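**Student:** Below you'll find the structure I mean.
The values are calculated or read from the model by the stated rules, or taken from the named source; none is laboratory data. The model shown is predicted, which means the values in this text are computed figures rather than measured ones. Heads up, the Cβs are rebuilt from the backbone with ideal geometry, glycines too, and the neighbour counts pull from every protein chain shown. Areas reflect the complete protein model, heavy atoms only, side chains present, ligands, DNA and RNA absent. Shrake-Rupley method; radii C 1.70, N 1.55, O 1.52, S 1.80 Å.
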There are 2 protein chains.
Amino acid sequence: MENLRNKILSYTPVNVADMDYIFQFYRKIRLRKGGKLIKPGDRVDCFYYLDVGCVNYYKLEQGEIKVLEFYTEDVFFTDLNAYVLDKPATYFLEATEDTIVYAIEKINVEKAFRMSHQLERFGRLSMQDAFVRTFTRIERLNNRTYEERYLRLLNKRPSLIQRVPQYLIASYLGLTPVGLSKIRKRLVKN
Amino acid sequence: MENLRNKILSYTPVNVADMDYIFQFYRKIRLRKGGKLIKPGDRVDCFYYLDVGCVNYYKLEQGEIKVLEFYTEDVFFTDLNAYVLDKPATYFLEATEDTIVYAIEKINVEKAFRMSHQLERFGRLSMQDAFVRTFTRIERLNNRTYEERYLRLLNKRPSLIQRVPQYLIASYLGLTPVGLSKIRKRLVKN
DNA sequence: CATTTTTATTAAACCAGTTTAACGACTTAA
DNA sequence: TTAAGTCGTTAAACTGGTTTAATAAAAATG
């Protein structure tokens, strides 16, 4: 759990007692490829830290898969909408490969944040960080063509293209598998 | 500043002393229509609360306006990317009508959050709230057609359509003024 | 390793948007 | 009160994607 500890400390200093306090609540979860943390209808009462692997955050709409995000090494994640608002999940959180995450229950998160000002601050700053990353995503969705989005992904997260099947990448970019295939063809020609 | 006080208290209880402490830092800003809080290149060192009016959060890209969000009554906002990362702004924050906001400097936000666990918690929860709203925006951008997006906006923020010129609405929805005009025509026919 | 299943490519027809340009209505300023 | 600018609509030609379907290639399975 050394990675998780360093991740927390990357946001703000936390004294050893407070760190130990929150760590008592974390439990390790191993997922095989295809294993799910959350599926629609589930209660979402955990916040996760992705240590090893990749988790696909997606929903099914009229049978069609809509990928919202791929969470990879060293990020916090959950189905935040459902988690925050205590609503049943509408998304899946599913491992695209063998994956290790650490989970902490919401009730214990709240306990830890109430008990420690430093942990509360960690909570605020990590949320701020999540916000900024999400916002950047909106910027891209709004302003770029599909080709530019694909090239950007290729550049920013090259390993993702290797790890994840192309039809999921297509969905993540907001187009069809056929559409992505055409873009790729266009790119090699030029 | 009663609205601002209630907004803060809607997230978490804050004792009077701590509330007074943070309130000493807020200052009122009046903007005429077209007035700007931020423009590209500016240092973004304030967090704002919109009391009355409407602020357009947009950028210019090859001379073309790209609207990311309209902030209206009773929300916190800033150019968060620039604010958090201490980078120069790339966006405008511009009043689309006469507007009143309250501003607090980043340095004083940090002071208040360090001084008070309750205020720190308010900071975390308001950030969480902002995240959820932003995330909802991504969902819409990803999954819906332009027509559905327009209908949703009409339904969710009907006043916005009245207050803001149509070419800005078009940009917010991610299409051209011509495109939006065609959609509107299609809708009245059916 | 042979079979089945899953994934990626290609082609053809189609369509919801874009771009450009012209026009009319409304607003603003001199 | 005319002139200039802004805003929304329409039309025509275009384009970058979609859909559907067939096929090929690769991966999983017994």
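**Student:** Can you pull out the residues in region B:134-190 that are closer than 26 Å to B:Leu80 by Cα, within 12 Å of DNA strand D (Cβ to nearest atom) and among the charged types (D, E, K, R)?
**Tutor:** Selection gives B:Arg163 alone.
**Student:** The conditions are (1) at pLDDT 95 or above; (2) open to solvent by less than 50 Å² (accessible area, probe 1.4 Å); (3) within 14 Å of chain A (Cβ to nearest Cβ); (4) closer than 29 Å to B:Asp20 by Cβ, and B:Phe131 fails exactly one of them. Which is it?
**Tutor:** Every listed condition holds for B:Phe131 apart from (1).
**Student:** Only one residue in A:Leu180, A:Leu175, A:Leu168, A:Leu151 is touching a Leu at 6+ places or on another chain (Cβ under 9 Å) and buried (at least 17 other Cβ atoms within 10 Å of the Cβ), so which one is that?
**Tutor:** A:Leu180
**Student:** OK, next. Only one of A:Phe25, A:Phe47 is closer than 21 Å to B:Gln128 by Cα and touching a residue at least 24 places away in the same chain (Cβ under 8 Å); which? Working first, answer last.
**Tutor:** Numbers: A:Phe25 fails: closer than 21 Å to B:Gln128 by Cα.
One residue alone meets the criteria, A:Phe47.
**Student:** So how many residues does region A:68-90 have that are modelled with pLDDT under 95 and open to solvent by less than 10 Å² (accessible area, probe 1.4 Å)?
**Tutor:** Adding up the residues that qualify gives 1.
**Student:** Restricting to region B:127-175, name every residue that is among the β-branched types (Val, Ile, Thr) and in a loop (DSSP other than H, G, I, E, B). Break it down stepwise before answering.
**Tutor:** First, pick out the residues of region B:127-175 that are among the β-branched types (Val, Ile, Thr): B:132, B:134, B:136, B:138, B:145, B:161, B:164, B:169.
Scanning region B:127-175 gives B:Thr145, B:Val164.
**Student:** What number of residues within region A:157-187 satisfy the criterion of being more than 12 Å from DNA strand C (Cβ to nearest atom), over 16 Å from the mean Cα position of the chain (by Cα) and over 13 Å from A:Ile65 (Cβ atoms)?
**Tutor:** The total comes to 1.
**Student:** Somewhere in region A:95-112, is a residue within 14 Å of chain B (Cβ to nearest Cβ), more than 16 Å from the chain's Cα centre (by Cα) and either open to solvent by less than 30 Å² (accessible area, probe 1.4 Å) or within 21 Å of B:Glu139 (Cβ to Cβ) (or both)? Spell out how you get there, then give the answer.
**Tutor:** Applying the first criterion (within 14 Å of chain B (Cβ to nearest Cβ)) to region A:95-112 yields A:106, A:109-112.
Narrowing further to those that are more than 16 Å from the chain's Cα centre (by Cα): A:106, A:109-112.
Subset that is either open to solvent by less than 30 Å² (accessible area, probe 1.4 Å) or within 21 Å of B:Glu139 (Cβ to Cβ) (or both): A:109, A:112.
Within region A:95-112, one or more residues are within 14 Å of chain B (Cβ to nearest Cβ), more than 16 Å from the chain's Cα centre (by Cα) and either open to solvent by less than 30 Å² (accessible area, probe 1.4 Å) or within 21 Å of B:Glu139 (Cβ to Cβ) (or both).
**Student:** Only one of (1) surrounded by 14 or more Cβ atoms within 10 Å (Cβ to Cβ); (2) more than 12 Å from DNA strand C (Cβ to nearest atom); (3) within 21 Å of B:Arg140 (Cα to Cα) is not met by A:Glu120, so which one is it?
**Tutor:** Condition not satisfied by A:Glu120: (3).
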